[in-house]
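The values are calculated or read from the model by the stated rules, or taken from the named source; none is laboratory data. Everything numeric here is computed off the predicted structure, so don't read it as measured data. FYI the Cβ positions are ideal-geometry reconstructions off the backbone, even for glycines, and counts take in every protein chain you see.
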Amino acid sequence: MEMKDPELVSIKEVFIRKVDGIESSSFPDIVSVEEPLEIRISYGPEAERIQKNISVTMRTPGNDLDLAIGFLFTESIISSYQNIKKVYHIEKNCAAQKKNIVQVDLIENFVPHLVQTDRNFYTTSSCGVCGKSSIESIKTVSAFKNVENSKLKLSTTVLYQLPEKLRAGQSSFALTGGIHAAGLFTIEGELVLLQEDVGRHNALDKLIGKALAENLLPLNKYILLLSGRISFELIQKAAMAGISIVAAIGAPSSLAVELAAEFNITLLGFLKKERFNIYNSTDQVVIPTSYKQ
């Protein structure tokens, strides 16, 4: 979808002082870049185009177009990739702004669903739902909620291999140790898509945006693996993309568990070598395990 842009730097070298006991020394280190990205849309008849600033989110530069597409889709502002006429970076004269604005031009006969924008759409890298006025304004309406899933059989052997495969695919994590990832795997454990970002919700939006552009939705026959904990918002985004299996290295929140049950999503947490917790199971997904009282 998007070629690597040399101007969109995702990592940066800094000099730090390492303290060991009572001694310290100067040391070069690599950190993940975090910069604001503004997402804008234009819509309406060619002669009367309406411009609207939709969001400012703190993200790791790279795959910005996928991020914008995924964000607009998971927020229900667009309903499919066909709603988009063109998506591109806006070049600014101000050097400090770099390529931190993405413009999404929608097709002329499509009216975006902007009801959700009654909230303040400033988000941080750690909390994608900051500023939402109420729980009702973030309630998910997924086009795939009632899609009938074929029965999937998960192998525990495959599941145990996924964290290492995710880590192996993370180029930026290997350098910084401080970036999140969202990986999409087949039931057989083949990595299909992987996206990284300093924000967990941004990494997932990038992945869903890429999948939307490649016409892969609904993602009901894949496993989504998240590198950190599972928040309500991540399950909300997964539900929007029709994902039926979500696994994570970390723990889910109570609201994430409740939403997974509402959307019939199999939810696994603390996935590590030889162990994981099942927080919600569904009839569509079979995980063969022995059971001890």
Matching residues in the stretch 243-258 - criterion: being assigned to a strand (DSSP E or B) and either at pLDDT below 90 or within 15 Å of residue 184 (Cβ to Cβ) (or both): 245, 246, 247, 248
Can you report the number of residues in the stretch 242-258 which are closer than 15 Å to residue 200 by Cβ and small (Gly, Ala, Ser)? 6
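Taking the criterion of being in a loop (DSSP other than H, G, I, E, B) and surrounded by 24 or more Cβ atoms within 10 Å (Cβ to Cβ), would at least one residue in the stretch 259-281 satisfy it?
Within the stretch 259-281, one or more residues are in a loop (DSSP other than H, G, I, E, B) and surrounded by 24 or more Cβ atoms within 10 Å (Cβ to Cβ).
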Failed item, numbered, when residue 137 is tested on (1) modelled with pLDDT under 90; (2) under 17 Å from the mean Cα position of the chain (by Cα): (2)
Within the set of pairs 6 or more residues apart or between chains, which connect a residue that is part of a helix (DSSP H, G or I) inside the stretch 187-205 to a residue that is among the aromatic types (Phe, Trp, Tyr) with Cβ atoms less than 8 Å apart? 205/71
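Per-residue answers, yes or no, for (1) assigned to a loop (DSSP other than H, G, I, E, B); (2) aliphatic (A, V, I, L, M); (3) farther than 16 Å from residue 106 by Cβ; (4) out of contact with any helix residue (DSSP H, G or I) (no Cβ under 9 Å at 6 or more places or on another chain):
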| site | (1), (2), (3), (4) |
| --- | --- |
| 25 | no, no, yes, yes |
| 42 | no, no, no, yes |
| 51 | no, no, no, yes |
| 56 | no, yes, yes, yes |
| 61 | yes, no, yes, yes |
| 69 | no, yes, no, no |
| 76 | yes, no, no, no |
| 86 | no, no, no, yes |
Considering each residue of the stretch 206-242, count those that are within 24 Å of residue 287 (Cα to Cα), β-branched (Val, Ile, Thr) and assigned to a helix (DSSP H, G or I), and give that number. 1
Please count how many residues of the stretch 273-289 are touching a Phe, Trp or Tyr at 6+ places or on another chain (Cβ under 8 Å), closer than 20 Å to residue 235 by Cα and of a type in the set (D, E, K, R). 0
Matching residues in the stretch 30-61 - criterion: being buried (at least 21 other Cβ atoms within 10 Å of the Cβ) and either in contact with a Cys (Cβ under 8 Å, 6 or more places away or on another chain) or of a type outside the set (Ser, Thr, Tyr) (or both): 37, 39, 41, 54, 59, 61
